Amino acid sequence: MRSILPTLLHSAFVGVSRLARLRFEAQAHRAGAVNERLLLDIVRRHQGTEFGRRHHFSAIRTAGDFQRAVPIATYDDLRADIERMARGAQRVLTAYPVNAFALTSGTTGTQKLIPVTALAHRQLTQTVLTSRGVVFNAIPASREDRPAVSLMSALLTGRTEGGFPTGSISCYMMRTALERRPGAWASPPQAFHVPAHPDALYLHLLFALAQPALGTIVAPFASGLLDFFQILEARWPALVEDLGRGAVRPDVALPPELAQPIRARLRADPGRASAVAKELERGLDGIARRLWPGLSHVSGGTSGSFRIYAEKLARYLGDVPIYSPFYVSSEAMLGINLGLGAPVYALLPSSAFYEFIPADELDAERPSVRRIDELSEGERYEIVVTTHGGLYRYRMGDVIEVARHHRRAPVVELIHRRGCLLNIAGEKTSEHAIHRALDEALSREALGLVDFSTMEDAESALKRYVVFVELTDGSRPASIERLAGRIDDALRAANPHYATLRGRLGPLSLHVVQPGTFRALRELLVRRGASPGQVKVPRVVTEGPLAELLMAHRAAAPAPAVAP
């Protein structure tokens with residue numbers, strides 16, 4: 001007889017998630033007041049820390065007092081204190097005991113260590129519950145008790161000098177999920193500790209294919225979901241064979257301590273293998289629904305750099321919706337998406353104290369700031385956060401645009417990372433503008449985009465943009481010169497400042513790179529320490545090794561110069 005405990009646990013999970021959503025709704029009505037109350041609680045609880053004493057927290061009574069006492073900071077301002085904490089020092093930045101450190105992705109620079117406390121774990125859990133409350137409301141079928149596939153790794157990446165574990169924020173999310181809902185996942189717990197990302201994905205696919213009643217697939221970002229379906233497309237004959245015989249082929253590397261429990265969970269299922277093969281032989285269009293008829297949705301971040309991968313997922317997903325659940329970073333739990341549409345996020349007033357630097361003051365020595373209840377729709381800002389984890393007036397580097405308000409909570413879209421702009425003559429061309437220009441130019445040539453990156457060329461007589469594109473199926477434009485011209489024209493439309501200052505820039509240089517180039521770039525970033533599940537392709541390359549990889553993978557000579 002099947003135990004009713006998993007069903008009871010799932011019902012409790014659905015109920016708690018709905019309550020978390022209602023709690024957020026109550027806070028959204030009073031976003032400004034909730035946020036200031038959080039700040040004063042942070043100041044009170046941490047006034048005995050070294051940082052609190054240095055900045056006279058005991059004398060702070062208002063948000064204005066706090067802003068006058070504490071300067072706006074970057075990671076470099078806190079680095080020495082965080083490094084001491086990583087060696088074991090306590091009560092330096094936070095009064096709470098530090099039990100781990102989160103590693104940032106490191107895509108746009110050196111990886112940073114962010115202190116993690118028990119409270120941070122609770123906030124992370126609350127954010128996940130709130131987002132699930134959104135899904136349960138929007139998709140009734142998601143409330144059914146069905147197994148889920150998660151593509152997050154639970155593998156810690158190392159330890160600090162003081163012995164604290166380190167890992168990505170998604171690693172800590174997965175470890176918490178395995179502790180609290182161990183029976184919710186199609187894969188056994190050991191699969192989440194397989195070191196090599198492709199091998200882990202193969203295992204998750206194998207266990208997913210064995211579950212015709214699968215309910216959802218979850219990844220940190222859309223890129224992970226795309227990897228999942230692309231491995232299915234590339235390796236489905238091997239997967240079908242392994243499914244039929246209940247085994248894992250030898251070329252899937254399993255550490256000895258993980259191999260036995262993983263293999264013990266496999267069952268030979270030739271009937272299911274035959275059904276899977278039949279669907280895959282029909283092609284991969286709409287395969288998600290055909291393999292898993294009860295799949296309610298898939299979940300993964302689609303904002304910013306990840307939009308390009310979400311667009312490619314449509315082929316595999318068909319009518320299965322994709323939900324971009326939250327705006328989360330190693331530093332703070334920032335927002336949740338209140339619907340299944342665009343990746344925009346309502347800020348969580350009780351997660352961090354927010355300040356916002358207007359976009360036209362990002363480079364100012366003493367920028368002005370706005371509070372959570374002082375933002376204008378359509379305007380852009382950099383987010384500054386203060387948290388219980390020991391970050392005070394910390395510049396996140398994320399530039400957001402206020403799309404609208406939900407109650408009194410701003411709903412924001414992530415536009416770009418500060419510094420990740422092409423900016424030779426003051427034109428400030430964003431990733432968003434480059435992507436729009438590439439989409440328009442390539443559609444006119446009937447070409448598909450796999451991925452892209454850019455760099456500034458300072459060696460030419462006039463500094464210029466260099467654009468690297470990988471095209472679908474290794475295709476090549478009929479005229480690379482014409483394509484470069486169309487990209488340049490589309491950039492003028494996407495960024496009026498680029499059009500105005502175009503005469504001060506050198507001719508745009510376009511390189512089509514070999515198939516697999518951006519996969520190789522992501523693998524390089526992983527080898528340098530980035531989490532496989534969180535790795536982001538940098539849209540503006542500044543570092544030597546990344547630029548060298550792109551240049552080495554050029555398919556042919558660059559397009560002839562495009563005159564201003």
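Worth a mention:
- Residue 213 vs. criteria in the same structural domain as residue 311 (by TED's automatic domain parsing) and either free of Cβ contacts under 8 Å to residues at least 24 places away in the same chain or buried (at least 21 other Cβ atoms within 10 Å of the Cβ) (or both): no
- The set of residues in segment 292-309 that are surrounded by fewer than 20 Cβ atoms within 10 Å (Cβ to Cβ) and either touching a Gly at 6+ places or on another chain (Cβ under 8 Å) or among the hydrophobic types (A, V, I, L, M, F, W, C) (or both) contains only 294.
- Where residue 350 falls short, out of the listed (1) farther than 26 Å from residue 136 by Cα; (2) in a loop (DSSP other than H, G, I, E, B); (3) touching a residue at least 24 places away in the same chain (Cβ under 8 Å); (4) assigned by TED's automatic domain parsing to the domain that holds residue 52: (1)
- Checked against the criterion of being more than 11 Å from residue 539 (Cα to Cα) and either β-branched (Val, Ile, Thr) or in a helix (DSSP H, G or I) (or both), the candidates 443, 460 yield just one match: 443.
- Test: residue in segment 201-219 that is within 28 Å of residue 167 (Cβ to Cβ), among the hydroxyl-bearing types (Ser, Thr, Tyr) and out of contact with any helix residue (DSSP H, G or I) (no Cβ under 6 Å at 6 or more places or on another chain): yes
- Residue check for residue 266: buried (at least 19 other Cβ atoms within 10 Å of the Cβ) and under 21 Å from residue 197 (Cβ atoms): no
- None of 470, 481 is surrounded by 13 or more Cβ atoms within 10 Å (Cβ to Cβ), in a helix (DSSP H, G or I) and in contact with a strand residue (DSSP E or B) (Cβ under 8 Å, 6 or more places away or on another chain) except 481.
- Extreme residue, nearest to residue 421 (Cα to Cα), among residues of segment 367-384 that are part of a strand (DSSP E or B) and of a type outside the set (D, E, K, R): 381
- Residue that is surrounded by the most Cβ atoms within 10 Å (Cβ to Cβ) [pool: residues in segment 28-82 that are more than 27 Å from residue 411 (Cα to Cα) and among the aromatic types (Phe, Trp, Tyr)]: 57
- Qualifying residue in segment 535-558 (condition: in a loop (DSSP other than H, G, I, E, B) and at positive phi): no
- Qualifying position, being touching a His at 6+ places or on another chain (Cβ under 9 Å) and aliphatic (A, V, I, L, M), among 322, 287, 262: 322
- A search for C-beta distances below 7 Å between a residue of segment 26-46 that is under 17 Å from residue 333 (Cβ atoms) and any residue that is of a type in the set (Val, Ile, Thr) and outside any helix (DSSP H, G or I), counting only pairs 6+ apart in sequence or on different chains, returns 31/372; 35/372; 39/386; 42/386.
- Selection within segment 187-210 - aromatic (Phe, Trp, Tyr) and either surrounded by fewer than 20 Cβ atoms within 10 Å (Cβ to Cβ) or over 18 Å from residue 173 (Cα atoms) (or both): 202, 207
- Residue that is nearest to residue 417 (Cα to Cα), among those in segment 517-536 that are of a type in the set (Val, Ile, Thr) and buried (at least 21 other Cβ atoms within 10 Å of the Cβ): 535
- Hits in segment 47-75 (condition: touching a residue at least 60 places away in the same chain (Cβ under 8 Å), within 18 Å of residue 369 (Cβ to Cβ) and not in a helix (DSSP H, G or I)): 55, 70, 71, 72, 73, 74
- Residue count, segment 276-289 (criterion: without any contact (Cβ under 8 Å) to a residue 12 or more places away in the chain and either at positive phi or surrounded by 15 or more Cβ atoms within 10 Å (Cβ to Cβ) (or both)): 1
- Residue in segment 442-459 that is farther than 30 Å from residue 376 by Cβ, among the aliphatic types (A, V, I, L, M), free of Cβ contacts under 8 Å to residues at least 60 places away in the same chain and crowded, with 16+ Cβ neighbours inside 10 Å present: yes
- Note on segment 487-499: among residues that are surrounded by fewer than 21 Cβ atoms within 10 Å (Cβ to Cβ), in contact with a Lys or Arg (Cβ under 9 Å, 6 or more places away or on another chain) and not hydrophobic (A, V, I, L, M, F, W, C), the one that is nearest to residue 433 (Cα to Cα) is 492.
- Within segment 120-147, the set of residues being in contact with a His (Cβ under 7 Å, 6 or more places away or on another chain), modelled with pLDDT of 90 or more and surrounded by fewer than 21 Cβ atoms within 10 Å (Cβ to Cβ) comprises 139 only.
- Residue selection: residue 228 satisfies the criterion of being surrounded by 14 or more Cβ atoms within 10 Å (Cβ to Cβ), in contact with a strand residue (DSSP E or B) (Cβ under 9 Å, 6 or more places away or on another chain) and closer than 16 Å to residue 290 by Cβ.
- Residue, surrounded by the fewest Cβ atoms within 10 Å (Cβ to Cβ), within segment 339-349, restricted to residues that are at pLDDT below 95 and out of contact with any Pro (no Cβ under 9 Å at 6 or more places or on another chain): 341
- Among the residues of segment 76-87, not a single one is part of a helix (DSSP H, G or I) and farther than 21 Å from residue 110 by Cβ.
- In segment 249-278, of all residues being of a type in the set (A, V, I, L, M) and in a loop (DSSP other than H, G, I, E, B), the one that is nearest to residue 186 (Cα to Cα) corresponds to 266.
- Residue 341 meets each of the listed conditions (1) more than 30 Å from residue 116 (Cα to Cα); (2) outside the structural domain of residue 401 (by TED's automatic domain parsing); (3) within 18 Å of the chain's Cα centre (by Cα) apart from (2).
- Residues within segment 388-435 that are in a helix (DSSP H, G or I) and within 19 Å of the chain's Cα centre (by Cα), tallied: 3
The values are calculated or read from the model by the stated rules, or taken from the named source; none is laboratory data. Please read these numbers as outputs of a predicted model, since none were measured by experiment. For neighbour counting, all protein chains shown are included, and Cβ atoms are generated from backbone atoms with ideal geometry for every residue, glycine included.
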